[in-house]
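Inspection log for the structure reproduced underneath, given as structure tokens.
The values are calculated or read from the model by the stated rules, or taken from the named source; none is laboratory data. Predicted model, so just to flag it, every value in this text is computed and none were measured. Because the Cβ atoms are built from the backbone with ideal geometry, glycine has one as well, and the counts that use them run over all protein chains shown. Side chains included, ligands, DNA and RNA excluded: accessible areas come from the protein's heavy atoms. Shrake-Rupley method; radii C 1.70, N 1.55, O 1.52, S 1.80 Å.
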Amino acid sequence: MASAVEAPATVAEGQTSHTLNQAVPSVYELMARVMRDVRNIGKNGRNESQNYSFRGVDDAIGALAQPLRDHGVVMTPEVLDFKTEVRGRQNAVMMRVAFHFHGPAGDKVTAVTMGEGSDFADKASNKAMSAALKYALIHTFMIPVDAKSLDDGDRDHPEGQRSAADAYMERLRKPAVWNNVTALQAMHTEAKADGLLGATVYAPGGEEMALGELIVSRGTTLKREAAEREARQAAEAPAVAAQVAAETGASASSESGVPTSPEAEGEQQETQETLEQAFARLTEQYRNCWGNALALSQIRLEGKKLGLAEERVQGPPPESKSMTFDELLTGRITELGAQEGQAA
């Protein structure tokens, strides 16, 4: 979900400070006369391509234009604040607008409404402004409407109807799912059970595709990136081992490329290292290399090779939460990578 930008809020102006003209009616009296003369409006607009009817802003303006002119009431709009976001392939704008109704005596009445609009190009703001105007006129002047009540909105609009796949897309956009192969696999299984793998959705780049295809594509990308990282780490293993050895005062093991202490090497010559000993050794090494992402990557790889990835350890303070060996090192490697990116 793109980040929203909100304009500073502006308070609508109050009553004008100059002396009112007592010889003419107040704006309140004139607006009451406008309400008396206004005609009703219905859903006269028709979208043939998507087969729905709508009550357009032109209908509201058409119902009020002549009565406002007849009684000398002038309206001016003021955008108080707004925010924008991206929804699939569309730009969306949410806007708060004040509409000031001025009378010939110099006084005014202000109505504040919300407007929201979406568009594939540059018309989202226009639509939001029109929506705010339509409901400001309807509510302020109590314009009669037919068939349904004022709160019906556009619920018969096909684009306003929420599909069953929308909930999946909301979850899929969360980083904890989007960047997690296991979570994607679980979502694919769930969507398959719900019969939604073929549901049409919009990928983050705006491409239209099936939900199942999007999940599989993202999972494939994550696996490829992980394989590329593993290959890079394997290629860098000798240099990493030498660097870790220099930092910890240990020598590199010729078999794994991960440094071991001289004492450990002597013991391994006599007897095979137990998993408990290996875990203790790797634990000491990652603590000594806590600020070195490459060294931590190599230690993590050896832990996986020895089957120690799921061993429980205490995370760093202040939380000190219990987590697996692999989770601890993966989280730290990610954190160091983010720090490098910020520094760059």
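Some observations on this one:
- Computed extension length for residue 213-residue 76: 44.3 nm, one decimal, from 0.36 nm per residue of separation with the Cα-Cα distance subtracted.
- The distance between label points at residue 305 and residue 324 comes to 1.9 nm (points 7 Å beyond Cα on the Cα→Cβ vector).
- Full-extension gain in nm, residue 194 to residue 222, via 0.36 nm per residue minus C-alpha separation: 7.6 nm
- Taking packing as the residue-averaged number of other Cβ atoms within 10 angstrom, the listed peptides 79-88, 299-308 run from highest to lowest as 299-308, 79-88.
- Listed by chain and number, the lysines placed with their C-alpha closer than 26 angstrom to that of residue 321 are 174, 304, 305; residues fewer than eight positions away on the same chain are left out.
- Accessible area per residue in Å² at 1.4 Å probe, computed on the range 54-119: 42
- Each of residue 203 and residue 182 was given a label point 7 Å from its Cα along the Cα-to-Cβ line. The distance between the two points is 2.6 nm.
- Remark: spin-label model distance residue 235-residue 24 equals 8.0 nm, labels positioned 7 Å along the Cα→Cβ axis.
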